[in-house]
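What follows is calculated from the coordinates using simple rules that are stated; it is not laboratory data. What you are looking at is a predicted structure, and each value in this text was computed from that prediction instead of being measured. Cβ: placed from backbone, ideal geometry, glycine included. Neighbour counts: every protein chain shown.
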Amino acid sequence: MPATSGIRASVQNKRVAKSVKTADVIIPEKLYFRIGEVAHLCRLPAYVLRFWETEFPQLKPVKSSTGQRMYRRKDVESVLHIKNLLYEEGFTIAGARQQLRTESKTDQKQNPLPFPERPASDLKHIRQGLREILALLSSRRSAK
């Protein structure tokens, strides 16, 4: 096989990868996906997925007892996100890695939803209700 056919195949793979937008991929409802299934879903060669595992710490499929990579849904979503960053947004691998780090820090910094503030009068009303329940229970206990 001439060297140029390998180059053509590589260019052709990139065209196929770019032709399908990552937003168009529908991930089936399954617990685990084999590497071949993920490669087919994401329209990427399996060797690219194995390479990305070494480059992106977020991508860590579990291995079965037979050593087969088993991707979870969040892993497949990560693959699609990485593919989007690299192929559609034009990031380098180092840039995509940094972008993912930045995104994860932003996600971690989000504060939990605050409880709605209650006026002090509402709290006093709740406390009074609890005291009445406690008194009721105490009177039943002493009656026995």
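Some values worked out for this structure:
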item: Förster-model FRET efficiency, 35 Å R0, residue 88 and residue 63, C-beta, rounded to 0.05; result: 0.75
item: Distance between modelled label sites at residue 127 and residue 34, nm, 7 Å Cα→Cβ extension; result: 6.5
item: Neighbourhood net charge (14 Å Cβ-Cβ; Lys/Arg +1, Asp/Glu -1) for residue 49; result: +3
